[in-house]
């Protein structure tokens, strides 16, 4: 039996590359597998390849390592393809924030929702579907595990316009679990279990239980959160007060989906994105410098040193459990995945991409039925699902009318005139990356 083959596309990703490799390397069940690294940036690929080889030797993981700037070189015989891609991320993210703000929207995060999330989708869908087409040809039985944003919209594009088996992964529910446990309840993350339902970057905690006893902890959350400093997640706390349920993973994400969410955000909360988008293309981030040191054999590769280079302090990423279960039929429970709604949330659109708990088997995702969302929450989510349909369709077809309709019905856009101004200027500013809009 041949060793399993895992392909990591976008290995140079600041957010996910090193973290994914760390988790795979530390899993004895995967030792001896073939790990293929892909990135279109030759320098990043070279650095990460040297780091991976160093980790492989030091940790005795016995992986076969290969790398290429051309994914088609390594996709044949792949079992799992993990994708984390972006194009000129901070440069474009800055535009996603500034142009809508210039024309009258509030100060939004510009990643998964609102006008910024729409143009992020326009840039990301075409390359994602190109990867899927190559997989259909070269490894048709492989699973595509998507870690790229906008998560829900990319998963929707994959399900509507490709044949590859795919699932969307986000750390968000684990962040929510950790926040509620540590910040609100004074417990460790694994002391509580949560059940979430909604969409990516705007899930709602429908149940909170103490691990081992099943005690309902929501009454304690509602009471103890009042004692937490008021500056901490004020929007999510207001949603808890208004709707009775706590959303996650964080205010900056939730605010992209609510017309009034911006009122709870600090004025400077996204300034770091503007600064990052303003630097020279030759600028090296501190993380890049540290990774080069590690690649050259000088930097430390112990657990604590590596965690400092990872998002959320190196929190364990659920991708590992998903990969293991897809390979060994482990039926592992995953706190949240992004999958088509097959009745899992009964009062949301069927086939829409929802974020729910799931069990992962060898060749199938078994979503947990979460029943109905409260009417007000379901209505808020349904608007976003309708917008997603329009945005993804426009990302594929390049149809301006469809894009404009998506903006007009978006709750963060004040009026149709503003929508049209944003659309026209954004299409010009990002034309180089949007060939589908001719």
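Couple of notes before you dig in:
- Subset tally (residues that are in contact (Cβ under 8 Å) with a residue 40 or more places away in the chain and closer than 13 Å to residue 365 by Cβ) for segment 330-346: 6
- Which numbered condition residue 365 fails, given (1) in contact with a strand residue (DSSP E or B) (Cβ under 8 Å, 6 or more places away or on another chain); (2) not assigned by TED's automatic domain parsing to the domain that holds residue 193: (2)
- Filter result (at pLDDT below 95 and at positive phi) within segment 363-419: none
- Test: residue 163 is outside the structural domain of residue 220 (by TED's automatic domain parsing), assigned to a loop (DSSP other than H, G, I, E, B) and surrounded by fewer than 22 Cβ atoms within 10 Å (Cβ to Cβ): yes
- Yes/no for residue 219 being more than 25 Å from residue 366 (Cβ to Cβ) and modelled with pLDDT of 95 or more: yes
- Restricting attention to segment 347-356, the residues that are out of contact with any strand residue (DSSP E or B) (no Cβ under 6 Å at 6 or more places or on another chain) and touching a residue at least 60 places away in the same chain (Cβ under 8 Å) add up to 1.
- Lone unmet requirement of (1) in a strand (DSSP E or B); (2) under 22 Å from residue 378 (Cα atoms) for residue 209: (2)
- Across segment 176-195, not a single residue is classified as assigned to a strand (DSSP E or B), within 12 Å of the chain's Cα centre (by Cα) and crowded, with 23+ Cβ neighbours inside 10 Å.
- Taking the conditions (1) over 27 Å from residue 387 (Cβ atoms); (2) in contact with a helix residue (DSSP H, G or I) (Cβ under 9 Å, 6 or more places away or on another chain); (3) surrounded by fewer than 18 Cβ atoms within 10 Å (Cβ to Cβ) in turn, residue 320 satisfies each one other than (3).
- Top-ranked residue in segment 263-274 [being free of Cβ contacts under 8 Å to residues at least 12 places away in the same chain and exposed (fewer than 11 other Cβ atoms within 10 Å of the Cβ); ranked as farthest from residue 232 (Cα to Cα)]: 272
- With respect to the conditions (1) buried (at least 19 other Cβ atoms within 10 Å of the Cβ); (2) farther than 27 Å from residue 25 by Cα, residue 88 lacks only one, and its number is (1).
- Residue list for segment 360-386, filter: assigned to a helix (DSSP H, G or I), more than 22 Å from the chain's Cα centre (by Cα) and touching a residue at least 40 places away in the same chain (Cβ under 8 Å): 376
- Of 38, 81, 74, all but one fail to be crowded, with 23+ Cβ neighbours inside 10 Å, touching a helix residue (DSSP H, G or I) at 6+ places or on another chain (Cβ under 7 Å) and in contact (Cβ under 8 Å) with a residue 40 or more places away in the chain; the exception is 81.
- Options 300, 250, 308, 295; residue that is within 22 Å of the chain's Cα centre (by Cα) and outside the structural domain of residue 207 (by TED's automatic domain parsing): 308
A quick yes/no check of all residues on (1) out of contact with any helix residue (DSSP H, G or I) (no Cβ under 7 Å at 6 or more places or on another chain); (2) more than 21 Å from residue 149 (Cα to Cα):
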{"residue": "189", "(1), (2)": "no, yes"}
{"residue": "198", "(1), (2)": "no, no"}
{"residue": "207", "(1), (2)": "yes, yes"}
{"residue": "235", "(1), (2)": "no, yes"}
{"residue": "261", "(1), (2)": "no, no"}
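- One residue alone among 154, 138 is more than 26 Å from residue 260 (Cβ to Cβ), without any contact (Cβ under 8 Å) to a residue 60 or more places away in the chain and in contact with a helix residue (DSSP H, G or I) (Cβ under 7 Å, 6 or more places away or on another chain), and that residue is 154.
- Pick from segment 22-34, criterion in contact with a strand residue (DSSP E or B) (Cβ under 9 Å, 6 or more places away or on another chain) and surrounded by fewer than 24 Cβ atoms within 10 Å (Cβ to Cβ), ranking: farthest from residue 147 (Cα to Cα): 32
- Taking the criterion of being crowded, with 24+ Cβ neighbours inside 10 Å and within 17 Å of the chain's Cα centre (by Cα), the residues of segment 99-121 that qualify are 109, 110, 112, 113, 114, 116, 117, 118, 119, 120, 121.
- Within segment 53-70, not a single residue is surrounded by fewer than 16 Cβ atoms within 10 Å (Cβ to Cβ) and assigned by TED's automatic domain parsing to the domain that holds residue 408.
The values are calculated or read from the model by the stated rules, or taken from the named source; none is laboratory data. Predicted, not measured: the structure shown is a model, and the values here were computed from it. Please note: Cβ atoms are built from the backbone with ideal geometry, for glycine as well, and neighbour counts cover all protein chains shown.
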